[in-house]
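The values are calculated or read from the model by the stated rules, or taken from the named source; none is laboratory data. This is a predicted model, so every value here is computed, not measured. Please note: Cβ atoms are built from the backbone with ideal geometry, for glycine as well, and neighbour counts cover all protein chains shown.
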Amino acid sequence: MKKILFIVICISTVTFAFANSKILDSFKATANNNDAVNIEWSTNSETNVLHFEVERSTVSGFRTIKTQKANGRPSIYKYTDSDSFTKSSLQDELQSGNIVTYRIKIVYNNSQVFYSDEVTVSRNMSSIKRTLGMIKEMFK
């Protein structure tokens with residue numbers, strides 16, 4: 001009886017781990033010209049998924065910046081993080097002024113969680129914008 005129970009537990013654990021790795025079809029984040037980051041992810045299946053949480057890296061770990069309810073079917077989700085490169089958020093919590101890391105937290109109906117791979121975004125600042133910023137700083 002113990003062997004059968006052990007086998008059932010092992011099979012269900014392997015099945016759950018395999019199912020988790022197939023929930024997200026894609027996950028990407030790209031910096032836009034307005035000092036914001038466009039985040040997009042798509043799903044293959046959302047069986048038993050309650051919601052998704054977009055998390056951004058901070059000095060003390062990851063912090064949820066957006067919670068998105070699951071649609072219950074394969075879907076594409078989009079979110080724009082307009083605070084990613086702002087001066088106040090950089091001083092308060094971000095790890096680096098030009099690099100931000102994101103991940104997706106998948107929360108299931110039974111409260112189990114799964115994390116996506118992390119995606120790192122570099123700030124794309126034009127040379128003109130950088131020069132104007134330097135000139136402004138000189139006159140402060």
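Below are the figures for this structure:
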item: Search result, residues across the stretch 60-83 that are of a type in the set (G, A, S) and closer than 16 Å to D25 by Cα; result: A70, G72, S75
item: Whichever residue in the stretch 51-70 is small (G, A, S) and assigned to a strand (DSSP E or B) and, among such residues, is surrounded by the fewest Cβ atoms within 10 Å (Cβ to Cβ); result: G61
item: Residue match in the stretch 59-70 (condition: modelled with pLDDT of 95 or more and in contact with a Leu (Cβ under 7 Å, 6 or more places away or on another chain)); result: yes
item: Residue in the stretch 109-127 that is modelled with the lowest pLDDT, counting only those that are more than 24 Å from G72 (Cα to Cα) and among the aliphatic types (A, V, I, L, M); result: M125
item: Criterion violated by R73 - all others in (1) surrounded by 13 or more Cβ atoms within 10 Å (Cβ to Cβ); (2) in a loop (DSSP other than H, G, I, E, B) satisfied; result: (1)
